[in-house]
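Heads up: the structure comes next, in structure tokens.
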Amino acid sequence: MGCSSLGNRFVDYERIADRITAKTAKKLEKEKNLRLVGIGGRMMDDIQMMAMGFDYFHEVNLQEARGLVVYAIKEYLADINKSEKVRPYLHNYPFTAKNIEIRIWVYNPDRSEPSPDKICCISATNGMISYYVQGPEEYSRLVICEESYEEALKQTQ
């Protein structure tokens, strides 16, 4: 019986986290045309990290990419931290940029890969944001800029 209740607890907080993720993803698609392609997290015993991945079909420069990922991070954190249902299960409250991951794969409007000199991926993990262009070898990427979430946030204000 004890194992059953632990199993239910896990399912409960996973469901709550999934609802928050779905709500944020819907908002980001409506407001920024970010299309959810994957979710994830680290949820052993409690919720340590929540993650979303998106496709974005519009070329971006560094400033536009920064604005897009900062907006996504702010919205996700706001939705997580204002949920009283998830709060008891969060590893730490409030959740910070170190507790979420956002990945955005950038394509041209016709769904083709961007040219090698254009940003193809934006990755926010552990409070750091990296911007990538295609590398010289197939399936490789090169970091063109890396900054903390706090630095990126200042650049967008």
Task: For residue 121, distant residues with modelled amide H under 5 Å away - done: 106, 132
Task: segment 35-86: mean projected area of Cα convex hull, nm² - done: 4.4
Open item on the list: Give me Rg/Rg_expected for the chain, where Rg uses Cα atoms only and Rg_expected = 2.2 N^0.38 Å with N residues.
Closed with: 1.11
- [ ] State which entries of 26/118; 30/154; 74/98; 32/74; 27/82; 23/74 exceed 18 angstrom in Cα-Cα distance in the structure shown.
- [x] 26/118; 30/154
Open item on the list: With 10 angstrom as the radius, rank 115, 148, 123 by how many other C-beta atoms surround their C-beta, starting from the fewest.
Closed with: 115, 148, 123
Task: Simple label model, 7 Å out from Cα along Cβ direction - residue 74 to residue 49, nm - done: 2.4
TODO: Enter the angle in degrees (range 0 to 90, nearest 10) between the Cα long axis of helix 2-32 and the first principal axis of the Cα atoms of the chain, meaning the one along which they spread out most.
DONE: 30
TODO: Starting at the first residue of segment 139-154, write each ³J(HN,Hα) from the Karplus equation 6.51 cos²θ - 1.76 cosθ + 1.60 with θ = phi - 60°, in whole Hz, x for Gly and Pro.
DONE: 6, 9, 9, 10, 6, 9, 7, 9, 8, 6, 4, 4, 5, 5, 4, 4
Open item on the list: I'd like the Karplus ³J(HN,Hα) series for segment 75-84: coefficients 6.51, -1.76, 1.60, θ = phi - 60°, whole numbers in Hz, and an x wherever there's a Gly or Pro.
Closed with: 5, 5, 4, 4, 5, 5, 6, 8, 7, 6
TODO: Report the one residue of 131, 149, 80 whose Cα lies farthest in the direction of the positive end of the charge dipole of the chain (charges on C-beta: Lys and Arg +1, Asp and Glu -1; origin at the Cα centre).
DONE: 80
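Could you sort the peptides 73-81, 139-147, 15-23 by per-residue average Cβ neighbour count (10 Å cutoff), highest mean leading? Walk me through the numbers before you get to the answer.
Working: 73-81: 19.2, 139-147: 12.2, 15-23: 16.2.
Output ranking for 73-81, 139-147, 15-23: 73-81, 15-23, 139-147.
None of the figures in this text is laboratory data; all of them are computed from the coordinates on show. Predicted, not measured: the structure shown is a model, and the values here were computed from it. Every residue, glycine as well, gets a Cβ built from its backbone with ideal geometry; the counts of neighbours run over all protein chains shown.
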